[in-house]
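The values are calculated or read from the model by the stated rules, or taken from the named source; none is laboratory data. Computed from a predicted model, the values in this text were never measured in an experiment. Virtual Cβ from ideal backbone geometry, glycine too; neighbours counted across all protein chains shown. Quick note on the areas: whole protein, heavy atoms, side chains included, nothing else; ligands and nucleic acids left out. Shrake-Rupley method; radii C 1.70, N 1.55, O 1.52, S 1.80 Å.
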Amino acid sequence: MSLLVVGLSHRSAPVSVLERASLSGETRDKLLQDTLAAEPAVEGAVLATCNRIELYADVDKFHAGVAELSTLLARHSGVGLEELTPYLYVHYEDRAVHHLFSVACGLDSMVVGEGQILGQIKDALAVGQELHTAGRLLNDLFQQALRVGKRAHSETGIDRAGQSLVTFGLEQLAAGADVTDWAGGKRALVIGAGSMSSLAAATLARTGVAEIVVANRTRARADRLVEILAQPGGTGVAARAVEMAEVCDELTRADIVVSCTGATGLVLTAEAVADALGLEAEAVVEAPAAPAVPAPADVDRHAAWVENGAVNGVGSGVSNGSAGAVRQAVRRATVPAQGAGPARLALLDLAMPRDIDGAAARLDGVRLVDIESLAEASADAPMAADVDQVRTIVSDEVAAFGAAQRAAHITPTVVALRTMAAGVVAGEIARLDGRLPDLDEKQRAEITQTVRRVVDKLLHAPTVRVKQLASEPGGAGYADALRELFDLDPQTVAAVSRADLNDPNRGRS
């Protein structure tokens, strides 16, 4: 196994960089295709969410793989390699497995314990399968990550350590009040009809809003979401769909707006929000001057370097917590001031890149929560005791996955050995037929069975033992020893491997 992951996330990069580095579906597919075309990689998968972009690959050369994957990420994200590099992290082999399993359990999420990442991992696997870029290693890895994530949520209370970004965002908008009390009876506008927007609509319905209006670029998807909300036995909330062109009109009637689209530009400008509230341009509240602190980009770059060094074993001498504190202090010093007065309009922007103009936060009576402010707030969120239990699960599952992969590596050699033995038996029985042509069928069958039993007994102990040894760390050399001792044809072993890899039922989610 030569698993490599190169990526960036909310833990390593500022939101401004993540926004620019976000991938569309078409760009993601091209990135995968180019990854396989690159010489060091034979498999590839992309995990792209609102706060992370990670490229997974099976490579035959570590340094060449890191260079190639980093270049590909820069090329397809649109952020120059020189600018992107300080924010990238790299994990290899068991550490890459540990990283994905931690992500699947919600340990690496902006809101610890949130479960939506499982659906995103499943989608990443499905895309890799559809494009035939996910082979044996990545199929096994992502399938196991899904099982580990489900195990963490079912066996521990990790769900109590955090919640979805939607719930966490609504809590931030409520500013300490009970979300149900705060949202009850309000009118909500949901912009977008994808998975996050659908989750937002369902969450708002549970809080007791009076009405939900859904706007989406494709009207049919908005209609479908409204149908789900209004179906018998559902939420029972009043819901209707509108065209995107009607958003500004709906904004005048809304109390809460949640936006999460795949748009590359702003969906709501500060001017549109001001118009909806009947405010003039001069109603924008000027942000107070920031204290004299280093530029955010410089501090974020330094904090990312510190975090990467601590994670990857570079002797930085500074803890992850210190790096986080540096970044958090700068963000607090540079976050735009919220508008004065009680909130007349609450805006929750869960898109990456952002849907809502950050300047809207300075409008009188507007409260805006976006990915960046959620990252800051989640840094202070208390960790549940169950997190330690999940970390133990992840460590155990990483060890089990590594052992299974090492054992699987020797399986083609064992199969080739038994195939060779079966050929020897068949040849000897054929020769016996020539020497003793008068044997009847019963005698011939008994002799054949006896010879096969002798061969099976001779091979049983060494093949079982070699599988056990191969599953241990450093056991990869046992397959080579077996091939050498029994003079196995490498082409036969390779053929068994290809047959296993091309099994159409392997790794399907």
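Annotations for the structure displayed:
- With the whole protein complex present, K467 retains an accessible surface near 90 Å², based on a 1.4 Å probe.
- Shape call, region 21-110: gyration tensor on alpha carbons, a/c limit 1.5: rounded
- The packing ranking of peptides 434-444, 357-367, 176-186, 120-130, highest mean first, is 357-367, 120-130, 176-186, 434-444, where packing means the average number of other beta carbon atoms within 10 angstrom of each residue.
- Judged by the ratio a/c of the largest to the smallest principal axis of the C-alpha gyration tensor, region 70-207 counts as prolate, that ratio being 1.5 or greater while a/b is larger than b/c.
- The length gained by stretching the chain between L436 and E246 to full extension, at 0.36 nm per residue less their Cα-Cα distance, is 59.2 nm.
- Taking Cα centre as origin and charging only the Cβ of basic (Lys, Arg, +1) and acidic (Asp, Glu, -1) residues, the dipole magnitude of region 1-113 rounds to 320 debye.
- Accessible area of V17 in the full protein assembly, 1.4 Å probe (Å², nearest 10): 10 Å²
- Close amide H contacts of E211 (hydrogens built in the peptide plane, cut-off under 5 Å, sequence separation of 5 or more or a different chain): A188.
- Put the Cα centre of region 1-30 next to the Cα centre of region 187-220 and the gap is 27 Å.
- Under-5 Å amide H pairs with D370, H placed in peptide plane, nonlocal only: D349
- Surface composition of region 433-473: carbon plus sulfur atoms hold 55% of the accessible area, using a 1.4 angstrom probe and ignoring ligands, DNA and RNA.
- The accessible-area ordering, largest first, of the residues T207, T27 stands as T27, T207, per a 1.4 angstrom probe.
- Region 108-174 - charge dipole about Cα centre, Lys and Arg +1 at Cβ, Asp and Glu -1, debye rounded to 20: 220 debye
- Computed with every protein chain present, the accessible area of H409 is close to 100 Å² [probe 1.4 Å].
- Using Cβ point charges alone (K and R +1, D and E -1), the dipole size of region 55-144 about the Cα centre works out to roughly 60 debye.
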